[in-house]
Structures are given as structure tokens and as C-alpha cells.
Amino acid sequence: MSTNVSESEKRTDSEQSTNSNSPESSVSWYDLTGFKRDILRVVATMESERARMAGVEIKSRLEDRYDESINHGLLYPNLDDLAGAGLIEKGEIDKRTNSYELSEPGREMLREQREAWVDLDLSRVVIPDGGEVDR
């Protein structure tokens, strides 16, 4: 299944907003593009698998998810935005290769989202005319 990355998701935070993107700024899940959310999920999955966390490996996982090529010019500015927001930590593997891992605030953000999904009551469906149906 091919999932296209929309133009708005391709833009970095600096292109979308004039708000500060420093670690002191408070970034919510809903401030992030879908692409950035996917990066966080991929990094979390890779951490749990103890996989090598270089940008090229993250890129490969995202390409599997989207079933299309991810341009370096899309990935690395978004990784930098997430690092700037304090959601991931950027390290160095060697002079040419960076590593990435979730920071505690990034881990907490994903934890909160998982709990919000677990707490959803999907047994009732709201119908646009105002009614409800049990599933």
C-alpha cells in the first residue's frame, strides 16, 4: 500500500511556524506532522529491537512504511527538528554518521499516546445525524 507524504508534512517546523523549536519549548503530539510522528514511532521500534539507529536505517524503515522513497532532504531536517524539540537525541557514530534515539520527553510523548489509544471506547459509534450505535 502506497502512502504519499503530503507537502505540508514535508515542510520542517521552521517553515510551518515561527514558534521556537528549542528543547525548552513545549511541543505536543498534535504540533507534529504525521511524518514526524512516524519518525518517532520508527525510532521507538528500532530501539526496542536494539537496531542500529543511524539515519540511513531510519530512512529505510520509513520507506518500508510509506512504500516509497524518502528523500534525504526530507528526513534529516525533520530529524533535526525533533532533536531541537528535545524529542530525540542526536549522537555521532563516526565523522559521517549520526545516531538517533528517543529522549525521555519523546518516550513520554509516545507513552501518553499509547495510553490515550488504549483508553478509547470504540464500542459505540456516533452517527452524523446525532445517534449512536453499539458495535
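Restricting attention to the range 29-53 and to residues that are among the basic types (Lys, Arg) and farther than 19 Å from ASN71 by Cβ, the residue that is nearest to the chain's Cα centre (by Cα) turns out to be ARG41.
Going by the structure shown, is SER60 under 15 Å from VAL43 (Cβ atoms) and in contact with a strand residue (DSSP E or B) (Cβ under 6 Å, 6 or more places away or on another chain)? Answer is no for this residue. If the condition is being touching a Lys or Arg at 6+ places or on another chain (Cβ under 6 Å) and touching a residue at least 60 places away in the same chain (Cβ under 8 Å), then the range 73-129 contributes LEU74, ASN78.
Scanning the range 24-79 for residues that are basic (Lys, Arg) and under 15 Å from PRO105 (Cα atoms) turns up LYS36, ARG37, ARG41.
Listed by position, the strands (runs of 3 or more DSSP E) enclosed by the range 43-135 that each have at least 2 residues that are under 30 Å from SER26 (Cβ atoms) are 88-94, 97-102. Checked against (1) surrounded by 10 or more Cβ atoms within 10 Å (Cβ to Cβ); (2) over 22 Å from ARG50 (Cβ atoms), LEU122 meets all criteria but (1).
Name the residue that is surrounded by the most Cβ atoms within 10 Å (Cβ to Cβ), counting only residues in the range 63-91 that are among the acidic types (Asp, Glu) and closer than 16 Å to VAL43 by Cα. For the range 63-91, the residue satisfying everything is ASP81. Annotation: of all residues in the range 44-72 being among the β-branched types (Val, Ile, Thr) and touching a Lys or Arg at 6+ places or on another chain (Cβ under 9 Å), the one that is farthest from GLU101 (Cα to Cα) is ILE70.
Only the coordinates and a few stated rules stand behind these numbers; no lab work does. Predicted model, so just to flag it, every value in this text is computed and none were measured. All Cβ positions, even for glycine, are placed from backbone atoms using ideal geometry, and neighbour counts span all protein chains on display.
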